[in-house]
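Data block below; observations after.
The values are calculated or read from the model by the stated rules, or taken from the named source; none is laboratory data. Since we're looking at a predicted model, the values are computed, not measured. Note that each Cβ is placed from the backbone with ideal geometry, even for glycine, and that neighbours are counted across all protein chains shown. Accessible surface is based on the protein model in full, side chains and every heavy atom, while ligands, DNA and RNA are left aside. Shrake-Rupley method; radii C 1.70, N 1.55, O 1.52, S 1.80 Å.
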Amino acid sequence: MTAIDPDDHTVDELTAALETIDDADELQSVLEAERAGQDRATAREAIHRKLEEIAPASDAESDAVEGDTEPEGEDEETKADVDDDAERTDGDDAEADDAETEPGEEDGEDPGEDDVLSHPTRDKQHVRALEDGDYADMWIFCETQGGELLDVSREMLGKGRDLMDQFEADYGDQEAVVAFLMGDDCEALAEECIASGADVAVYHEDERLERFLHKPYTEIAAHMARGEGTVESTDWREYDEPRYILFPATNNGRDLSAKVQAELDSGLASDCSDLFIEESDVSNPVKTGEPGVKKTVEKVLHMKRPDFSGFEYSTILCLDNPNRDFHPQGCSVIPGSFDPMEPDADRDGLVVEHDMELADDWFRVGIAEHDRLEAGIDLTGHDVIVCLGRGIADAPTEGMELGLDLVDAFEDAALGITRGIVTSSYQFEGHVEAYSKEERQIGETGQVVAPDVYIAAGVSGAVQHKVGMDESDTIIAINTDPDARIRDFSDYFIHGDLFEVLPRLTEAIEAGETALEPEAVADGGEGDD
Amino acid sequence: MTDDHEHYEAVVVGCGPGGAAAAARLADHGVETLVLERGPEAGSKNVSGGLVYAEESAPYTLDDLFDGFREAATERPVTDYYIHNVAGNSVKTYDLTDLHEHDTDWCDSVLRRDMDSWLETRVHEKTSATGGGVLTNVRVNGLLRDHGEIVGVTCDELEPIEADLIVAADGVNSELARDAGLMDWAEPEEWFQGVKAVVDMAPDAIDDRFDIGPEEGAAHLFSGDLFEDVRGGGFLYTNADSLSIGTVFHLDSLVEQSAEPHELLDALLTHPLLAGWFKNEYHEREYAAKLVPDSKKVAHRRPYRDRLVLVGDAAGQMQAQGPIIKGMNHAVTAGALAADAFAITRGTADPAAAGRRYTTLLEDSGTMAKLRPRRYDLARTVGERDTVTNAVERVLASPIGSLAVGNPIADRLLQRAYNSPFLVSMLPDTKTGYISLPTLIAEEHGKTIHWESDIEPPTLEERIGDLTYDTDVGNPHIELRDESAAASGAAVTACPVSARDFGGGCYRSEAVTTNGTEETLVSLDTQPCVECGTCAIVADTEWEHPRGGKGVEYREG
């Protein structure tokens, strides 16, 4: 029963007509008619607006439903941070809990009797859904690369340390920060994890684990978390699975976190930027088991993550069901979110070598070839920057060499270039070509530097370049053009050809003379301050 | 409807005068209209010399479509109109007010940022009343096709959008017109390139120095040997508190002479004739450049394909015939007619019905006749042939030429000739009309100017530095396909933000030694780009506009 057919109206007429309707169902049918008909975005908006207008009284329910279907395509169910209503929190992995979260008859049944379709984990051989299991400790996957811990690993250890110290203060229970890592040679890194805040570091060494591999890393992590393996390697713990688990939100960390949490039959909050532990009041009958009853759950890890490019934050909770546990409560952490603690080599801790047979089958997918991309050049933080501009045009390779010679003469200097060089067609010879790339560009569209001394050789001083070096303490310009714009914002201007001036500067600095005194450089032209 | 694309009855690409007129008129007809503008605000990408006309004979004018347009969005009405023929320091001035007033209801000077952003607000009001609106920072990058038929547009920032009518009002470098195969960038002789400086001047100083009242304005055109052998001219228009001063040249002539557009502009700015107006004060607010289609040659006679219609510069609708320079008014007419054509043919099964009707309306309204006068087509066939030009040139250089042009009767005739729209529209585009004749006129009839100009226009580097850019780092919108000097070297001089021996511009010429042989290569940095399109024609490039909101942002325009 539709009161109005939207096809008969322009959007304006429709908006006016909608004013007369106060019934949500009727509006819904108009909306459907519009969708089936012309499907005008503006018309749909008008109907939605009207729906919202009449909604507040009756619509809390459907709101909650919409809130659950996040457009992100993420597994977790989220809720807006502003609305801390625990009713709508439900941190379970959708993959694992579809069947479980349905309230009603099914709840009373043995999950094992569910049909396969409604229980997507049914066919998984490793699933050990626990009920009333024992959980303790915060586990942290410490990712390594090239034989070193990633910064984010230390950051998570630092945060884990804080969280578990507070945990002890709040609850009186001492639980550990457990670092777990794997690789071809990582015992020393396990020690480093202790120094960075872990109480226990569990590692698995195997030369085949030099690089991240999806399958073996997942198998080992799950094996470790469940406490499987020889008695010697597991007698330090007395629980079923970790209480909490953190992964880095790096490419490999994201990959591993999803797989491990699925193996452990728990959920995952991906890409989190803040964490805290406190109790949570729950009234969702799926979680409490009894409609209308409020229950307080202790020691809940609150995992905050930015949504919609950071316009909003959601807090994800991962809570047990009455007959099915969701542990470890896990997330991946955005690098840079937390501060590492100052490493303390004297910290006491237990380093445990994990013991497990790795099936050859897990290595069917291997790494045939790899290439390490340049991490990029950071020109900030140096005492001196030598920047070359298009003044090197006559002999680009030689100009670059002269610039590099001067850089080497200083204790802490780096070479920068202007955009004019990056975008030029200069043919640099192989040994200096790497210095002509965008990663060394200084200016508006490159890096912004503020060294003690900035030496601009053959740089005209376009505004876009100035932006990138204006804050330098002392600016020295070398240019054949006495009217070059850079002269306006240089402390010293050397009127001369960089091909002559640079070698003399280098020589003077190597000779230990204070080459930055005007008299030492004024020979190249006129000193101008 | 195919797929799940968003659909509007009409999509207008570009919110300049053509797009604004089309959108406003569509909204008047109750059509659901979405306007997509790639600038952060309408006008931020637009440049014009600065006069907008309302012709008595035109079916639509801006103040018909937008109430209060002249009060809110224009600078000054043009009440005085002159042309100066220059030979060295000798200048002969003709009053062209009669020509200017022919068929003119009104004519105002404008700055495009102010004007177009005002239009945008009105267009948004009108179009949102019929279910659409204006979206800025959205670049339409091509046409959406279904089984080869144009059905909508694709954008950098949004999902594809379908529409029953697509109005390409995306300017002289229209990517839609090129996508549809209706326009190209092939021939330099089909284009002009204009560069312009907006110069500060207090309102009372303008009134005083140009001898006009506060509600009056002056327009001055310049021709002659100011620019050596480059075919083109200059203009100066008074705004409320600034002057728009610019030069416009045939692009082929710029390329032939390897002339630097900014130097030609400087030649005008520093001419003694202008010193009397500047009084040695010169503060340039903005340097700008634009490509101008020569409607005589490129105004498309059937500017449509399927549901797509072209409007304004996108269709080559820019009338530049000697001292008659009219573009925006024709774009407005065309935009409004395209909207009317859609309203009339709405419901017709043939998707091209609107375009066909639009073509008919352009013809019937006389607009096409103004843009592509048949007289010109006839005159051009003889007039532009080199032999004829050379013959006429020789006559002018001879004593007979001086005698013919130099007698007092000839002077009166010349003034009449310049003031005749009929004769002016026949002026062929050769050296004779632009340089030789005006120079001779100035030599024979001119008064010598004894002022000296002390003003120093900014360098190109300073001009670029003063412009506002939002650079799309790592995503250049122009790619140089061939970096050899032969293919792309012309851009080094012709590009208005590049110059020989200047490393801070878009195009730089570089001597490169590879394996012992030295060759000259051209390199490109799109950061200083003002998006004029010159290099799309004179160099071998892959040319696109920057993404929405990126690139240069004009404050004056």
Can you flag which of A:466/B:45; B:196/B:326; B:92/B:290; B:196/B:297; B:92/B:297 are past 20 Å Cα-Cα? A:466/B:45; B:92/B:290; B:196/B:297; B:92/B:297
So which residues in segment B:119-148 end up with at least 30 square angstrom less accessible surface once the other protein chains are there, compared with the chain by itself, probe 1.4 angstrom? B:129, B:131
Spread of Cα-to-Cα distances over 10 Å intervals beginning at zero, given as percent, for segment B:124-270: 10, 25, 21, 25, 17, 3, 0
Give or take rounding to whole Å, what are the principal axis extents of the alpha carbon atoms in chain B, in descending order? 73, 66, 48
Using a 1.4 Å probe and ignoring any ligands, DNA or RNA, find the accessible area of residue A:474 and quote it in Å² to the nearest 10. 40 Å²
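Over the protein assembly as shown, what is the percentage of antiparallel beta bridges among all DSSP beta bridges, to the nearest 5?
On the way: 88 of 159 bridges.
Percent antiparallel among DSSP bridges in the protein assembly as shown is about 55.
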In whole Å, what are the extents of segment A:6-58 along the principal axes defined by its C-alpha atoms, from largest to smallest? 30, 19, 15
If you average 1/r over all unlike Cα pairs in segment A:319-440 and invert the result, what Kirkwood radius do you get in angstrom? 20.6 Å
Work out how far the C-alpha atoms of segment A:331-388 reach from end to end along every principal axis, then list the three figures in whole Å, largest first. 56, 40, 25
Cβ-placed point charges (K, R +1; D, E -1), dipole of segment B:471-552 about Cα centre in debye, nearest 20: 260 debye
Please give the charge dipole size of segment A:384-524, origin at the Cα centre, charges +1 on K and R Cβ atoms and -1 on D and E Cβ atoms. Round to the nearest 20 debye. 640 debye
In square nanometres, what is the average projected area of the Cα convex hull of segment B:1-96? 10.6 nm²
Compute the FRET efficiency between residue A:294 and residue A:356 as 1/(1 + (r/R0)^6), taking r as their Cβ-Cβ distance and R0 = 51 Å, and round to the nearest 0.05. 0.75
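So how much accessible surface do A and B hide from each other in total, probe 1.4 Å, in square angstrom to the nearest 100? Provide the component values of the computation, followed by the final result.
Numbers: alone 26360 and 21300 Å², together 45670 Å².
It comes to approximately 2000 Å² buried between A and B.
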Applied in sequence order to segment A:159-165, the curve 6.51 cos²θ - 1.76 cosθ + 1.60 (Karplus, θ = phi - 60°) yields integer Hz couplings, x standing for Gly and Pro, of 5, x, 4, 4, 4, 7, 5
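Report, please, the projected area of the protein assembly as shown averaged over directions, based on the convex hull of its C-alpha atoms, in nm². Before the final figure, lay out each step's value.
On the way: hull surface 219.6 nm².
So the mean shadow area of the Cα hull is 54.9 nm².
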Ordered by residue, what ³J(HN,Hα) values in Hz, to whole numbers, does segment A:23-28 give under the Karplus form 6.51 cos²θ - 1.76 cosθ + 1.60, where θ = phi - 60° and Gly and Pro are x? 9, 4, 4, 5, 4, 4
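According to the Kirkwood expression over distinct Cα-Cα pairs, how big is the hydrodynamic radius of segment B:495-557, in Å?
Computed over Cα pairs of segment B:495-557, the Kirkwood hydrodynamic radius comes out at 13.3 Å.
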Among B:232, B:486, B:534, flag the residue with its Cα farthest along the positive direction of the charge dipole of the protein assembly as shown, charges on Cβ as +1 for Lys/Arg and -1 for Asp/Glu. B:232
Using only Cα atoms, what is the ratio of the radius of gyration of segment A:384-524 to 2.2 N^0.38 Å? 0.93
Express the C-alpha Rg of segment A:182-275 as a ratio against the empirical globular expectation 2.2 N^0.38 Å, rounded to two decimals. 1.09
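What translational D, rounded to a whole number of µm²/s, comes out for segment B:410-548 from Stokes-Einstein when the hydrodynamic radius is the Kirkwood one over Cα pairs, at 37 °C and 0.692 mPa s? Present the calculation step by step, with values, prior to reporting the outcome.
Values: Rh = 18.8 Å.
Calculated translational D: 175 µm²/s.
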Roll a 1.4 angstrom probe over the protein heavy atoms and tell me the percent of accessible area of the protein assembly as shown that is carbon or sulfur. 44 percent
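Expressed in whole Å with the largest first, what are the equivalent ellipsoid semi-axes of segment A:173-331 derived from the C-alpha gyration tensor as the square root of 5 times each eigenvalue?
Working: eigenvalues 174, 73, 44 Å².
One finds semi-axes of 30, 19, 15 Å for segment A:173-331.
Which value, in debye to the nearest 20, gives the size of the charge dipole of the protein assembly as shown about its Cα centre, when Lys and Arg are +1 and Asp and Glu are -1 at the Cβ?
Working: 86 positive and 236 negative charges, 1903 e Å.
With Lys and Arg at +1 and Asp and Glu at -1, about 9140 debye.
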Would you pull out the residues with amide H under 5 Å of residue B:81's amide H, same chain only if 5 or more places away, H placed 1.01 Å from N? B:96, B:97, B:219
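Using only the Cα atoms, work out Rg/Rh for segment A:120-262, with Rh taken as the Kirkwood radius, to two decimals.
Working: Rg = 14.8 Å, Rh = 15.6 Å.
Rg/Rh for segment A:120-262 comes to 0.95.
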Under a point spin-label approximation (7 Å from Cα along Cα-to-Cβ), what is the residue B:281-residue A:283 distance to one decimal in nm? 7.3 nm
Among A:449, A:506, A:414, flag the residue with its Cα farthest along the positive direction of the charge dipole of segment A:384-524, charges on Cβ as +1 for Lys/Arg and -1 for Asp/Glu. A:449
Using the membrane-span-like helix rule (whole DSSP H runs, Cα extent along the own axis of at least 15 Å, mean Kyte-Doolittle hydropathy at least 0.0), which helices of chain B qualify? B:17-28, B:328-345, B:386-397
Length gained if residue A:228 through residue A:39 is fully extended, taking 0.36 nm per residue and subtracting the Cα-Cα distance, is 62.3 nm
Which far-off residues, 5 or more places away or on another chain, put their amide H under 5 Å from the one on residue A:475, with H placed in the peptide plane? A:454, A:491, A:492
Once the Cβ-Cβ distance between residue A:166 and residue A:474 is put in as r, and R0 is 51 Å, what FRET efficiency do you end up with, to the nearest 0.05? 0.60
Between residue B:519 and residue A:32, what is the spin-label point distance in nm, taking each point 7 Å from the Cα along the Cα→C-beta axis? 6.9 nm
Divide, for segment B:204-283, the radius of gyration over alpha carbons by 2.2 N^0.38 Å, where N is the residue count. 1.19
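I need to check one value: relative contact order of chain B, counting alpha carbon pairs closer than 8 Å and at least 6 residues apart, in percent. List each step's numbers first, then the result.
Details: 1306 pairs, mean separation 114.0, N = 557.
Relative contact order for chain B comes out at 20 percent.
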